[in-house]
Amino acid sequence: MKYIALDLVLLPSLKVQKEIVNLNQTLVDSTLKLNETTTVPHLSIAMCRVAVDDYPFVLSRIKDYLEAMSLFELELLKIESVYQHNKSTIGWSFELTNPLKGLHYSLIKLIEKYHFDGASEKDNSDFYFVNDAMPYSGITYLNSFFSTYAKNNFNPHITIGQGDAKVCAKQLGEKIEFTDIALYHMGTGCTCEKLLWKKSLTEI
């Protein structure tokens, strides 16, 4: 069975993306190297690993659901705290507003039954891009996403890279502009690599 690793995300405005990429570039020892076309800065709403044969149906269900939604309340989200994962991975955690929480729960419910959580720790075949610096990163995270990182454990965040958390502290309390919701084929490290579908928040 072939699988595809998917990440449904909110995308910051191009201006904010550039600012995040510039911030990432100050982290000289970061394994994660962000840019504006691949390895794109993003806030994950839901992710899953689905069978390739199921992918068209899963995408159609997501699109149909979002057509009935109003997402204008997600255009500005507040940076609430510094995000830290596995010690050196840093970024921003955002305020979990009711609209953001509602979107997450709804989409999780929509896609969870299609998720395959039994990938081997060394099987990265479902990723679009394998980063040589982190070839197997994200497999375990994706396996346990629904049980460990979703629903009541959902922490909306943007990963900026690996380094000193102080780099991310300056922006605390600021509101970040988001412009699009998008579906990506992930790379190792749960990065957004290949754009599969995108829609402006103002169109939904």
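The values are calculated or read from the model by the stated rules, or taken from the named source; none is laboratory data. Small disclaimer: the values here were computed from a predicted structure and weren't measured. Neighbour counts are summed over all protein chains in view; Cβ atoms, including those assigned to glycine, are modelled from backbone coordinates with ideal geometry. Only protein heavy atoms, including side chains, enter the accessible area calculation; ligands, DNA and RNA are left aside. Shrake-Rupley method; radii C 1.70, N 1.55, O 1.52, S 1.80 Å.
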Determine the gain in length on full extension of the stretch SER200-LYS78; use 0.36 nm per residue of separation and subtract their C-alpha separation, reporting nm with one decimal.
42.0 nm
Under a 5 Å amide H to amide H cut-off, with H placed in plane at 1.01 Å, what residues pair with LEU71 once short-range neighbours are removed?
ILE204
Long-range HN-HN contacts of THR39 with modeled amide H, under 5 Å
CYS192, GLU193
For VAL16, tell me the accessible area in Å² from a 1.4 Å probe, rounded to the nearest 10.
10
Accessible surface, per residue, of the stretch 4-121 when the full set of protein chains is kept, probe 1.4 Å, Å²
49
Inter-probe distance in nm under a simple model that places probes 7 Å from Cα toward Cβ, at LEU14 and ASP164:
3.3
Using a Gaussian network model of the chain with C-alpha springs under 10 Å, which one of ASN152, ASN131, ASN22 is most mobile by mean-square fluctuation?
ASN152
Suppose we keep just the DSSP beta bridges with both residues in the chain; what percent of those would be antiparallel, to 5?
95
For a label point 7 angstrom out from the Cα of LYS175 toward its Cβ, which stretches of the stretch 58-73 have the backbone nitrogen within less than 13 Å?
72-73
Given Cα positions, please report Rg to Rh for the chain, the hydrodynamic radius being the Kirkwood one.
0.93
Accessible area in the full protein assembly, largest first, 1.4 Å probe, for ASP7, ASP180, ASP117, ASP132:
ASP132, ASP117, ASP180, ASP7
Fluctuation leader among THR159, THR148, THR179 - the chain, Gaussian network, Cα springs under 10 angstrom
THR148
Debye, to nearest 20: dipole size of the stretch 49-204, +1 on Lys, Arg Cβ, -1 on Asp, Glu Cβ
260
Rg from C-alpha atoms of the stretch 136-195, normalised by the globular rule of thumb 2.2 N^0.38 Å, equals 1.32
Theoretical FRET efficiency, 1/(1+(r/R0)^6), r = Cβ-Cβ of VAL130 and GLN25, R0 22 Å, to 0.05:
0.50
With the 8 Å Cα cutoff and a minimum separation of six or more residues, the stretch 40-101 has a relative contact order in percent of 22
Local electrostatic count at SER13 - Lys and Arg +1, Asp and Glu -1, tallied over other residues with Cβ under 12 Å
-2
Counting helices only, and only those DSSP H runs with n ≥ 4, report the 222 nm mean residue ellipticity of the chain as the sum of -39,500 (n - 2.57) divided by its residues, in deg cm²/dmol to the nearest 500.
-6500 deg cm²/dmol
Share of accessible surface on carbon and sulfur in the stretch 1-103, whole %, 1.4 Å probe and ligands ignored, is 51
Amide proton proximity set for GLY138, modelled H, under 5 Å, gap of 5+:
GLY189
Which net charge results when you count Lys and Arg as +1 and Asp and Glu as -1 among the other residues whose beta-carbon is under 14 Å from that of LEU107?
+3
Considering Cα pairs under 8 angstrom that are at least six residues apart, work out the relative contact order of the chain and quote it in whole percent.
36
Heavy atoms only, probe 1.4 angstrom, no DNA, RNA or ligands counted: give me MET134, MET186, MET1, MET69 ranked by accessible area, highest first.
MET1, MET69, MET134, MET186
So PHE116 and SER88, fully extended at 0.36 nm per residue minus their Cα-Cα distance, gain in nm 7.3 nm
Extension reserve of the THR140-SER106 stretch, reckoned as 0.36 nm per residue once the Cα distance is removed
9.9 nm
So, in Å, what gap is there between the alpha-carbon centers of the stretch 3-29 and the stretch 35-103?
12
